[in-house]
Amino acid sequence: MKAIRLLRPAQWLKNGFVIAPLIFSRSFVSPSAVAHSLAAFIIFCGAASAGYIINDIFDREADRAHPVKRLRRPIASGEVSVRAAVTIVTILIPILLAAAWFVAPKFLLAVALYLALTTAYSMQLKTMPIIDLFAIACGFVLRVWGGAVAIDVVLSVFMFITTLSLALYLAATKRRQELLSTSTASDFRSVLQHYSVKLMDDYSEIAVVATFVFYGLYIATVRPQLAATVPVVLYGVFRYRYLIELSHDESPTDRMVRDPQMIVCAILWAAISVSVLYLAS
């Protein structure tokens, strides 16, 4: 149970971005592509868990001083030793890289870059204002690219920019909630000294507008059938913004992955996308 908590399985839903290329490229009609995409998803779940463990190792002292994380993080709480965590990562990463190679050589590169990015984030990037937001966002872009190379398809540049913009929106709202979570938030995450709630609201507004602009450009130039998904996407963004207002003491993304309406929204988006693209193929 302690090891499972260390892996943070609740966060694996974020790796759904790996599946996106399977849908957008209409490759879901190919059993081989579906198998490769699912394998890529599982491997990225493992890579994300490795990244979380590495982050928890570096953050253990700050987490022990945090009123919530000192209870929830296994390393900070003393449930899992640093030595045990290092052992898990040392075993997990080679297995993930070997599995990624069998999926596709380029997919191995995507996983390796993701692991390098998450390690750099844990060591230094998370302390650098603005760069920390882009580092988080690039992790999502690598998920999408990894999902694309795993099934050997090429996606429009608009899809990658849409992903970057959406991830920046999620990152900015996450920082916003961290600022609101406690009056001494900057004591636990130094980069927050450079941010304010208003600045994060401004960043999130810019990012969400960019998301819709580039998603619209993708639909208009590549997949006009996906116009049917726009109402669902709008509802999802509205619902997420509503959840932010309710999430003063927890990460909005954590609340999002547990929210029934957001789950239904994601399923509905996927169902509509697959249906209209299948009928158009």
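The values are calculated or read from the model by the stated rules, or taken from the named source; none is laboratory data. Note that the structure is a prediction, hence the values are computed from the model and not measured. Please note: Cβ atoms are built from the backbone with ideal geometry, for glycine as well, and neighbour counts cover all protein chains shown.
Within segment 169-207, take every residue that is among the basic types (K, R) and assigned to a helix (DSSP H, G or I) and give me the one that is modelled with the highest pLDDT. Walk me through how you get there before you give the answer.
From segment 169-207, those among the basic types (K, R) are 174-176, 189, 198; that's our starting set.
Subset that is assigned to a helix (DSSP H, G or I): 174-176, 198.
On the way: K174: 90, R175: 92, R176: 90, K198: 95.
Among those residues, the one meeting the criterion is K198.
Just for helices (runs of 4 or more DSSP H) wholly inside segment 1-108: which have at least 2 residues that are modelled with pLDDT under 90? Let's see the steps before the verdict.
Working: elements: 2-7, 20-24, 31-58, 60-65, 69-72, 74-77, 82-103.
Here the list reads 2-7, 31-58, 60-65, 69-72, 74-77, 82-103.
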Neighbours by Cβ (under 6 Å, 6+ apart or cross-chain): first from segment 30-47, of a type in the set (V, I, T); second crowded, with 19+ Cβ neighbours inside 10 Å: I43/L96; I43/A100
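With respect to L234, is the statement that it is under 20 Å from V208 (Cα atoms), in a helix (DSSP H, G or I) and in contact with a Pro (Cβ under 6 Å, 6 or more places away or on another chain) true? Lay out the reasoning, then the answer.
Working: under 20 Å from V208 (Cα atoms): yes; in a helix (DSSP H, G or I): yes; in contact with a Pro (Cβ under 6 Å, 6 or more places away or on another chain): no.
Considered against the rule, which asks whether it is under 20 Å from V208 (Cα atoms), in a helix (DSSP H, G or I) and in contact with a Pro (Cβ under 6 Å, 6 or more places away or on another chain), L234 comes out as no.
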Pairs returned, first residue in segment 110-131 that is basic (K, R) and surrounded by 14 or more Cβ atoms within 10 Å (Cβ to Cβ), second residue that is in a helix (DSSP H, G or I) and at pLDDT 95 or above, beta-carbon separation under 6 angstrom, 6 or more apart or interchain, are K126/D132
Select from segment 245-264 the residues that are under 17 Å from the mean Cα position of the chain (by Cα) and in a helix (DSSP H, G or I) and write down the one among them that is surrounded by the most Cβ atoms within 10 Å (Cβ to Cβ). M256
Given the conditions (1) under 19 Å from the mean Cα position of the chain (by Cα); (2) closer than 28 Å to F107 by Cα, every one holds for R223 apart from (1)
Criterion violated by I53 - all others in (1) within 16 Å of R8 (Cα to Cα); (2) out of contact with any helix residue (DSSP H, G or I) (no Cβ under 9 Å at 6 or more places or on another chain); (3) of a type in the set (V, I, T) satisfied: (2)
